[in-house]
Structures are given as structure tokens and as C-alpha cells.
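The values are calculated or read from the model by the stated rules, or taken from the named source; none is laboratory data. Note that the structure is predicted; figures quoted are calculated from it, not measured. Here the Cβ positions follow ideal geometry from the backbone for every residue, glycine too, while neighbour counts run over all protein chains shown.
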Amino acid sequence: MNTSSTSHRSFSVSPSFSRRGQGVVFAALLSLSMSAVAYAGCSKTENTQMTDTTSYSQPADPPTTATPPSGQQTSTQPDASQAATPAQEMSNPGKHGDTVITASGLEYIDLKKGTGAAPTKGQTITVNYTGKLTNGKTFDSNVDPDFHHVAPFSTKIGVGQVIPAWDEGMLTMKVGGKRRLICPPNLAYGPRGMPPTIPPNSTLIFDVELLKVQ
């Protein structure tokens, strides 16, 4: 064997083998690349589906309101009878509970209904009475010994001999009846009052009992 020729011989791959090897390597790389792309696509699809599930979750149904029956309508306005205060009610003529309010502003409460005769204007009535201020202080009475005139009181009615509240309030009573008259200042002694017992512009409260009409 010639060692010199052997030492100078170089190892080389034949052209045909080189081309075949490169094709196999390229095909293997292409297959790996496609597998990677397919895996990435599946992962993205799964992530998108999870995101879409969250994004398109159905909202809760909105609250519903009751619909009134056909022909009826709801109103937001308060009931006037419920909204009115006692003071507002008492300013209107009519009956409010046990209290009657007349057009003049006189208020009265029948403590006992009479069954006898009713007086007419100009007749003489005989009564028992007790008068008080709104603070509860008694200023006059014909049944209280402290006022020194314990005796039935008689007067003509409806002709101006007594305060206007009496002229009005007594004419709708009947003998045997007892009534509480709540008299505003204009139907009592007004701005003058009755010093020293009744201050100016006082509302007066009389409990009266109609004993007789003649």
C-alpha cells in the first residue's frame, strides 16, 4: 500500500449523498415547524374559548315592575287625606272625628246629645258653664264655688248678649245636651281680652250644659 497517497487522500461526501441528506433534514425541520404552529394554534384557540366564555357570560335579568291591571294607573301623589296634618284638617269646616268645625271657625264637641227642645234666636236659655284658657286655667264658672256665683246662668241667645261663639254654638244644641265650645279670639273677646283674667287674643274653651229654653 502506498502510504503517501493514503495520507494525502481527503474524506468527502459524494454530491448525490449530500443532496439526499439535505432533503431529509429539510423535511424533518419542516415537519417540526408545522407541528409547533399547530400546537400554538390549539393553545390560542383554547385560550380564546376560555376568554370568550368569560366575555359572553349572560347578564342577570333586570328587575321587573308590576304592571297595574288594564284601566288602572299608578300615582306617585300622596293621598291628600293621609298627608293632611291635624292643623290643616281643623282649618276646614266639617266634622273631624268628634270635633265639628263651622264656617266661622267655631269648633265644638258634643259630650252628650240632648233630646229636648232646641232654642231659636231671641229665646232665653238657662245653662251651666265653665270657661278655661288653652293652658287649662279656669277663668270663670257658675258651678265652681271658688267663683262665688253657683247658680244657673240665663241669657237671651242669638241677639248679641253673649260672645259670638255662644250665640252660634248654643243655637244647635238641645235641652239636656252638654257641649264643649272651642272659641277662637274673633268669636270671643278678641284683641281687648278681659283683663285681668283673659289675655288679648285668647282662644277660650267653654263646657256648657243646656238646662232650659223659654
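Against the definition (surrounded by 15 or more Cβ atoms within 10 Å (Cβ to Cβ) and closer than 18 Å to Ile101 by Cβ), how does Ile157 come out, yes or no?
Values: surrounded by 15 or more Cβ atoms within 10 Å (Cβ to Cβ): yes; closer than 18 Å to Ile101 by Cβ: no.
No, not satisfied.
For the range 164-199, the set of residues classified as free of Cβ contacts under 8 Å to residues at least 40 places away in the same chain, over 37 Å from the mean Cα position of the chain (by Cα) and under 22 Å from Ile109 (Cβ atoms) consists of Asp167, Ala188, Tyr189, listed by residue number.
Of all the criteria given as (1) crowded, with 17+ Cβ neighbours inside 10 Å; (2) more than 43 Å from the chain's Cα centre (by Cα); (3) of a type in the set (Gly, Ala, Ser), the one not satisfied by Ser202 is (2). Just one of the listed residues (Tyr108, Tyr129) is of a type in the set (Ser, Thr, Tyr), under 17 Å from Glu209 (Cβ atoms), at pLDDT 95 or above and in contact with a helix residue (DSSP H, G or I) (Cβ under 6 Å, 6 or more places away or on another chain), and it is Tyr108. Among the residues of the range 176-197, the ones that are of a type in the set (A, V, I, L, M, F, W, C) and surrounded by fewer than 18 Cβ atoms within 10 Å (Cβ to Cβ) come to 1 in all.
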